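Undergrad: So that we are looking at the same thing, I have put the structure below in C-alpha cells.
The values are calculated or read from the model by the stated rules, or taken from the named source; none is laboratory data. The structure presented is a predicted model; accordingly, all values stated were derived computationally and were not measured. All Cβ positions, glycine included, derive from the backbone under ideal geometry; neighbour counts span all protein chains shown.
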Amino acid sequence: MNNCENLRELILTDYLDGEADDKARAAVDAHLLQCADCRSLLKEAQEGFVMPLETVAREAVPAEIWISLQDRISARTSWAERLREFFGHMAGEFSYVKLVPVLGMAAVMLLTGPVILQNSRTIQAKEKAQQEYLVGLLASSGNSSEAASDAAANPIEEYFL
Amino acid sequence: MNDISDDTLIAASQGNAEAFEAVYKAASGLVYNVALRIVNNREDAQEVTQEVFLIVYDKLKTFRFESSFKTWVYRITANYAINWAKKESRIRRKTVEYDDTQMSGAPQEEPEDEESKVQNVQAAQKLLDALPPDQRACVVLRNLEGLSYQEIADTLKININTVRSRLNRAREKLLTLQKKVVV
C-alpha cells in the first residue's frame with residue numbers, strides 16, 4: 001500500500017475537519033507538497049461537498065409548527081384534565097375510607113383463596129384414594145373368598161377388625 | 001441555539017407554558033434545520049420538529065443537566081430524524097422536488113440573493129440525498145452544525161471511530177458521485 005492510500009482516509013476525515021493532531025497534520029502537509037493526486041483529492045473534497053454544505057443557509061422555522069404543537073399539547077392537557085376530573089369525581093362519590101373494608105376483604109380472599117382451595121383438593125384426593133383402596137380390597141376378597149375361607153383373616157377383615 | 005437558563009428549563013419541565021415557549025423559541029431553529037437536512041424534505045422536517053418538541057415536553061422533567069441541553073436536543077433530533085428517514089426510505093424512494101419544497105414554508109429571501117441561496121440549498125440537498133441516513137446525520141452534524149467528532153459521538157451515542165468511519169464512507173461516496181457527474 002503506498003503512502004497515498006495510507007493517507008487517503010486521514011485526508012478525508014481528520015485533516016479535512018481540523019481534527020488531526022500536529023504530527024498527523026505535518027505528515028499530511030509534507031505529503032501534499034509532493035503529491036499532486038492527493039492535492040487534487042483535497043481540492044475535490046473541499047469544493048465538491050465541504051463548501052456547498054458549510055455555506056448552505058439556515059432556514060427560518062415555519063410558524064405553523066408552533067401552532068400545531070400548541071394544539072397537540074393542549075389536546076393532551078385537556079385529556080389529562082378530563083382524567084383528573086373523572087378520578088376526582090370518583091373519589092368524591094366513593095370515599096377511600098369506605099373502600100378500605102372492601103379492599104381488605106378482597107386482599108384476604110386473594111391471599112387465603114389458594115390455600116383453602118389446595119386444602120379442599122387434598123381432602124378430596126385422600127377420600128378418593130381411600131374409596132379406591134376399599135373397592136380394591138372388596139374385589140380381591142370376593143374372588144378368593146371360597147379358596148381362602150379357612151385362611152386367616154383377609155385384609156378387608158383386618159381392616160374392619 | 002440561544003442560551004436557555006436552567007430556571008427556564010425547570011419551569012418548562014413543571015408545565016409552565018411561557019417557559020416552554022421560550023425553550024421552543026431558543027431551540028426550534030436548531031431542531032428544524034437539523035431535521036430538515038437529515039430527512040431532506042420540508043414537510044417531513046415540520047413533522048419531525050413537532051415530534052421532537054413533544055418528546056422534549058414529555059421528557060424535560062427527566063433531564064438531569066448531566067449533559068448540556070443543546071447536546072440533549074441534538075440527540076433527540078438526530079435520532080428521531082434518522083429513524084424517520086430510514087422509515088421513509090423503506091416506504092418510498094424519495095426524489096427531492098425543489099420547486100415544490102420552495103413553496104412549502106421556504107423563507108422569503110431578498111431577490112438578488114435568492115438565486116445563489118437556492119442553488120446552494122439544491123446542491124446541499126442533492127449531496128445529502130445520496131447518503132444513507134446514518135452517514136447523512138454525521139455529515140449534517142459536522143459540516144452544517146460544526147460539531148467536533150467527539151460531540152457527534154456523544155450526540156449519537158456512538159464510538160468516535162464510528163463517526164470517523166461514517167464520514168469517510170460518506171465522503172468517498174460523494175467523490176464517486178461527483179466523478180460520475182463529470183464523466
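Undergrad: Just name the residue that is farthest from the other protein chains (Cβ to nearest Cβ) out of those in the range A:25-34 that are out of contact with any helix residue (DSSP H, G or I) (no Cβ under 6 Å at 6 or more places or on another chain) and surrounded by 14 or more Cβ atoms within 10 Å (Cβ to Cβ). Before you say what the answer is, go through the steps one by one.
TA: Taking the range A:25-34 first, the residues out of contact with any helix residue (DSSP H, G or I) (no Cβ under 6 Å at 6 or more places or on another chain) are A:25-27, A:29-30, A:33-34.
So of that shortlist, the ones also surrounded by 14 or more Cβ atoms within 10 Å (Cβ to Cβ) come out as A:25, A:27.
On the way: A:25: 15, A:27: 17 Å.
So, considering only residues that are out of contact with any helix residue (DSSP H, G or I) (no Cβ under 6 Å at 6 or more places or on another chain) and surrounded by 14 or more Cβ atoms within 10 Å (Cβ to Cβ), the one farthest from the other protein chains (Cβ to nearest Cβ) is A:27.
Undergrad: Condition test on residue B:39, is it under 17 Å from residue A:69 (Cβ atoms), in contact (Cβ under 8 Å) with a residue 40 or more places away in the chain and within 15 Å of the chain's Cα centre (by Cα)? First the steps, then the outcome.
TA: Working: under 17 Å from residue A:69 (Cβ atoms): no; in contact (Cβ under 8 Å) with a residue 40 or more places away in the chain: yes; within 15 Å of the chain's Cα centre (by Cα): yes.
Spelling it out, it is not the case that residue B:39 is under 17 Å from residue A:69 (Cβ atoms), in contact (Cβ under 8 Å) with a residue 40 or more places away in the chain and within 15 Å of the chain's Cα centre (by Cα).
Undergrad: I need a count of the residues in the range A:35-58 that are more than 7 Å from every other protein chain (Cβ to nearest Cβ) and surrounded by 15 or more Cβ atoms within 10 Å (Cβ to Cβ). First the steps, then the outcome.
TA: As a first pass, look at the range A:35-58 and keep what is more than 7 Å from every other protein chain (Cβ to nearest Cβ): A:35-43, A:46-47, A:51.
This time we only want the ones that are surrounded by 15 or more Cβ atoms within 10 Å (Cβ to Cβ), so: A:35, A:38, A:41-42.
The qualifying residues number 4.
Undergrad: Just need a number here: residues in the range B:149-175 that are among the polar types (S, T, N, Q) and within 18 Å of residue B:76 (Cα to Cα). I'd like the intermediate steps shown before the answer.
TA: Taking the range B:149-175 and keeping what is among the polar types (S, T, N, Q), we get B:150, B:155, B:159, B:161-162, B:165, B:168.
Pick out the ones that are also within 18 Å of residue B:76 (Cα to Cα) and you get B:150, B:155, B:159.
Qualifying residue count, the range B:149-175: 3.
Undergrad: Considering only the range A:64-95, state which residues are modelled with pLDDT of 90 or more and of a type in the set (A, V, I, L, M).
TA: Within the range A:64-95, the subset modelled with pLDDT of 90 or more is A:64-72.
A:65, A:67, A:69 - these are the residues of the range A:64-95 that are modelled with pLDDT of 90 or more and of a type in the set (A, V, I, L, M).
Undergrad: Just to be sure, is residue A:61 within 14 Å of chain B (Cβ to nearest Cβ), at pLDDT below 90 and within 30 Å of residue B:135 (Cα to Cα)?
TA: On the way: within 14 Å of chain B (Cβ to nearest Cβ): yes; at pLDDT below 90: no; within 30 Å of residue B:135 (Cα to Cα): yes.
No; evaluated as a whole, the condition is false for this residue.
Undergrad: Let me ask something else about it. Here is a list: B:104, B:89, B:116. Which entry is modelled with pLDDT under 55 and of a type in the set (Ser, Thr, Tyr)?
TA: Numbers: B:89 fails: modelled with pLDDT under 55; B:116 fails: modelled with pLDDT under 55.
Just one listed residue meets the conditions, B:104.
Results for (1) at pLDDT 95 or above; (2) surrounded by fewer than 23 Cβ atoms within 10 Å (Cβ to Cβ), shown as yes or no for each residue.
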residue	(1), (2)
B:12	no, no
B:15	no, yes
B:26	no, yes
B:41	no, no
B:49	yes, no
B:62	no, yes
